[in-house]
Amino acid sequence: MINAKGIKEGKLHDVYPKLYGCFYEEKDMDERFTKLMNMHTELFKEDSACLFSTAGRSELGGNHTDHNLGKVLACTISLDTVGAVNSTDDNIVTLISEGFPAVEVNLSNLEKVDSEENTTDSLIRGIARAFKDRGLTVGGFNANTTTNVLKGSGLSSSAAIEILCATIFNHLYNDDKLDPVELSIISQFAENVYYGKPSGLMDQIACAKGGIVAIDFKDKSHPKVINKHISFDKEGYALVIVDTKGDHANLTSHYSSIPKEMNEVASYFGKTYLREISKEQFQKALPSLRSSLKNDRALLRAFHFFNENERVDELVDSIDNNEFDKYLKLINECGRSSFCYLQNLYAETSFQGLPLALAMSEEILDGEGACRVHGGGFAGTIQAYVPMGKLKKYVSEMNLIFGDNSATVLSVRDLPTCCIA
């Protein structure tokens, strides 16, 4: 446990590089954690607390493949949700997140409460239920949190708070018995069953695991997760996310159309997911598929799925073989496939911030680095690998076009979700 005095004395300074890489200011982090601890004292009358950190995530390859049991390359990033936490003996979880109403959940009832759907209450109750179903212990705690995981930017701020709550139960009451993948499965259960959102598992695993991970969802109940190691900054590049400030309202139908259309192609073969058929089967059946489905976009999205799965394997090979130029080439190919075949760069609107950001990125990078759509698409963010020598110009130009703080420089975080003090 730690208090504000301990933070001022620099007791977290050895942890900061493991959490935030090379793009952070020590003074700013001291102020952030001191403010968190002071708020905890004010809210709960506790002078010291355990500090927890769960990061956001960035998808590196495998755009819109996980929902069809595909392959993904992702990483844990240097933006995180942090919480000051004390255990209690009253079986009540109190969670106060900066900028949101307080949440209070009595763990004496772990059944789903229908009126709680789409609330943080439901997530806490569902996570606790999953722990109990595994024969594990849950108990009350008081927590206040703050986050710098950008909301609405595809960095999984929602998955971060889920994993954080699971990590708190795991640490306070179960001696960290569960590994990050099991915490992710628990969080997905809470989101799917209690919260009412049919999400995949990529976000939770990438937030929880730490580092760069290659994930194969062929067996969706037991995804294959392998850590990979590469340092973008040592290769001379910065990983940058650009938020184009698009409006996400009314985009649900566009997001849902992607798995729906991929599943329609699979169902032609009597299967549920594209992963259950081969690329060769798909291509051989194209004439009759086109006649039957009467939806060329569904066929193009299937092409994206099959080729993107192959690219994820190639991305992993390029990392294993230290072929960074090949890695960047493949990232650009991922981006082109999303643009041309997956078609998730913009909806039917005059706002086309993602293509504009990519066009400007290609101008500034001038044949160096790489850029691609990031996350769900249609609005939101792009991802770019920017040479260090062009980083200042790139950030400045993107902020000028899309507004202050549109461009955020990320580091890959190696630490998994954890108690840090």
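Quick check: is even one residue across segment 161-170 surrounded by fewer than 19 Cβ atoms within 10 Å (Cβ to Cβ) and over 28 Å from I319 (Cβ atoms)? The answer is no; no qualifying residue exists.
In the set L123, L107, only one residue is buried (at least 18 other Cβ atoms within 10 Å of the Cβ), under 30 Å from N63 (Cα atoms) and at pLDDT 95 or above; that residue is L123.
Are any residues in segment 393-421 farther than 20 Å from F351 by Cβ and either in contact with a Lys or Arg (Cβ under 6 Å, 6 or more places away or on another chain) or charged (D, E, K, R) (or both), and if so, which ones?
K393, R413, D414, L415, P416
Tell me whether segment 232-239 contains one or more residues that are more than 27 Å from G21 (Cα to Cα) and either crowded, with 18+ Cβ neighbours inside 10 Å or touching a helix residue (DSSP H, G or I) at 6+ places or on another chain (Cβ under 9 Å) (or both). No, segment 232-239 contains no residue that is more than 27 Å from G21 (Cα to Cα) and either crowded, with 18+ Cβ neighbours inside 10 Å or touching a helix residue (DSSP H, G or I) at 6+ places or on another chain (Cβ under 9 Å) (or both).
Can you say whether N309 is at pLDDT 95 or above, within 20 Å of N263 (Cβ to Cβ), assigned to a helix (DSSP H, G or I) and touching a strand residue (DSSP E or B) at 6+ places or on another chain (Cβ under 9 Å), as far as the supplied structure shows? The answer is yes for N309. I7 satisfies every condition listed in (1) touching a residue at least 40 places away in the same chain (Cβ under 8 Å); (2) assigned to a helix (DSSP H, G or I) except (1).
Within the option set A285, A214, A190, A238, being in contact with a Leu (Cβ under 7 Å, 6 or more places away or on another chain), farther than 30 Å from Y327 by Cβ and among the small types (G, A, S) holds for one residue only, A190. I'd like to know if segment 87-101 contains one or more residues that are modelled with pLDDT of 95 or more, surrounded by fewer than 18 Cβ atoms within 10 Å (Cβ to Cβ) and in contact with a helix residue (DSSP H, G or I) (Cβ under 7 Å, 6 or more places away or on another chain). Checked segment 87-101: at least one residue is modelled with pLDDT of 95 or more, surrounded by fewer than 18 Cβ atoms within 10 Å (Cβ to Cβ) and in contact with a helix residue (DSSP H, G or I) (Cβ under 7 Å, 6 or more places away or on another chain). Of all residue pairs spaced 6 or more apart or on separate chains, those with beta-carbon atoms under 9 Å, a first member in segment 367-394 that is over 20 Å from V412 (Cβ atoms) and a second member that is buried (at least 23 other Cβ atoms within 10 Å of the Cβ) and acidic (D, E) are G380/D243. The residue that is modelled with the highest pLDDT, among those in segment 16-51 that are farther than 18 Å from V85 by Cα and part of a loop (DSSP other than H, G, I, E, B), is E25. In segment 380-392, the count of residues that are touching a Lys or Arg at 6+ places or on another chain (Cβ under 7 Å), outside the structural domain of L155 (by TED's automatic domain parsing) and in a helix (DSSP H, G or I) is zero. Quick check: is even one residue across segment 345-356 in contact with a helix residue (DSSP H, G or I) (Cβ under 8 Å, 6 or more places away or on another chain), without any contact (Cβ under 8 Å) to a residue 60 or more places away in the chain and under 17 Å from I401 (Cα atoms)? Within segment 345-356, one or more residues are in contact with a helix residue (DSSP H, G or I) (Cβ under 8 Å, 6 or more places away or on another chain), without any contact (Cβ under 8 Å) to a residue 60 or more places away in the chain and under 17 Å from I401 (Cα atoms).
It is to be established whether one or more residues within segment 406-414 are in contact (Cβ under 8 Å) with a residue 12 or more places away in the chain, of a type in the set (D, E) and within 14 Å of A74 (Cα to Cα). Yes, that holds for at least one residue.
The values are calculated or read from the model by the stated rules, or taken from the named source; none is laboratory data. For clarity, every value in this text was computed on a predicted model and none was experimentally measured. In this analysis, Cβ positions are derived from the backbone assuming ideal geometry, glycine residues included, and neighbour counts consider all displayed protein chains.
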